[in-house]
1. Within region 99-114, identify whether any single residue is closer than 13 Å to residue 167 by Cβ, free of Cβ contacts under 8 Å to residues at least 60 places away in the same chain and open to solvent by less than 10 Å² (accessible area, probe 1.4 Å), and answer yes or no.
2. Please specify each residue of region 226-242 satisfying the condition of being part of a helix (DSSP H, G or I) and either open to solvent by 100 Å² or more (accessible area, probe 1.4 Å) or on the phi > 0 side of the Ramachandran plot (or both).
3. Filter region 88-98 down to the residues that are open to solvent by 80 Å² or more (accessible area, probe 1.4 Å) and small (Gly, Ala, Ser) and list them by number.
4. When you go through (1) more than 10 Å from the ligand (Cβ to nearest atom); (2) out of contact with any helix residue (DSSP H, G or I) (no Cβ under 8 Å at 6 or more places or on another chain); (3) touching a residue at least 40 places away in the same chain (Cβ under 8 Å) one by one for residue 42, which number turns out not to apply?
5. Test residue 54 against the stated conditions and say whether it is exposed (fewer than 13 other Cβ atoms within 10 Å of the Cβ), near the ligand (Cβ under 10 Å from one of its atoms) and either touching a residue at least 12 places away in the same chain (Cβ under 8 Å) or not hydroxyl-bearing (Ser, Thr, Tyr) (or both).
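The values are calculated or read from the model by the stated rules, or taken from the named source; none is laboratory data. Owing to the predicted nature of the structure, the values given are computational and were not obtained by experimental measurement. All Cβ positions, even for glycine, are placed from backbone atoms using ideal geometry, and neighbour counts span all protein chains on display. With ligands, DNA and RNA removed, areas are computed over all heavy atoms of the protein, side chains included. Shrake-Rupley method; radii C 1.70, N 1.55, O 1.52, S 1.80 Å.
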Amino acid sequence: MNWIKRIKKFGESIKENLNKKFPTRSERESSPWTSCHGQPILKKDLEINLFVCPSCNHHHRINPLQRFGMLFDNGNYEVLKTPIVKDDPLSWVDTKSYKDRLNEARKKTKQDCAILVATGKMNGINTTVAASNFDFIGGSLGASETEAIIYAIDHCIKNKQPFVNVCASGGARMYESLIALSGMTKVTLAINELKSNCLPYFVIYSHPVAGGVTASMGMIGNLQISEPNCLIAFSGRRVVQATVKEELPPDFQTAEFCLKHGMIDRITERKNLAKEIGILLSILLKKNSEVSSENNEQASELSIQTREAS
Ligand SMILES: [Zn+2]
């Protein structure tokens, strides 16, 4: 009757797991610990390492203010106030109302919309940077986010500054339907205007970037740089597999796959991003006086690698 005992034991273990108390979100947030690659890790240790796991090199998600602090020289920058359009133009309700989702996202992230824009110096060059917060409704592109990007580009053109856009987004915000989709066209036109003013546009991919954001402002950078192992996609893997009816490689839609197939120019670790972007900006803007002799060697090496990649 061993099989009866085994089934009984299995049933008891299921019951035990169901009764197990999992930590709530507030408990998780207040804990000094988090987890990575199935192991506990101190949040303080992650933060010291720019939120990159020292064991598995996983680049954890960071918010726009943390990103600005890492990118701008000495962490000095000024956040620009971007226009916020009327909430919920379509009075959208599904399992809950879009207005409620917006309120929750604002409370959680302390931001008015998913994109923050800041200006400051990178490698001594005045630069405007936009960064998406994935915790704000998946970093999706709605009307306010579109306005934030247009505002940032307007600021770049007026002040003759390059534009760096750090994307982390699930795509266009479907609670705004066509309004969100029209945002894809608007940001594309604004970026074209930036380029016609001979100002560089850099895209930085931060896990994950998908849908309408990849298909608009994500794919038209003068330089496309990604953090390691970032998901870069338009449709999801299952949708693509069902459409092409072929087995897809395991690394499909990763930054490494995209680099191999020419969709992006470089993969750069977070700790090197600020330095590399600074050097590349100085090459494009011919502001070599701001590049030290040590950086000059790195600059020529970078330009060769980038040419090879593209
Ligand atoms: Zn890890």
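1. Scanning region 99-114, I find at least one residue that is closer than 13 Å to residue 167 by Cβ, free of Cβ contacts under 8 Å to residues at least 60 places away in the same chain and open to solvent by less than 10 Å² (accessible area, probe 1.4 Å), so the answer is yes.
2. Within region 226-242, 238 is the sole residue that qualifies.
3. The answer is 91, and nothing else.
4. Every condition holds for residue 42 apart from (3).
5. yes
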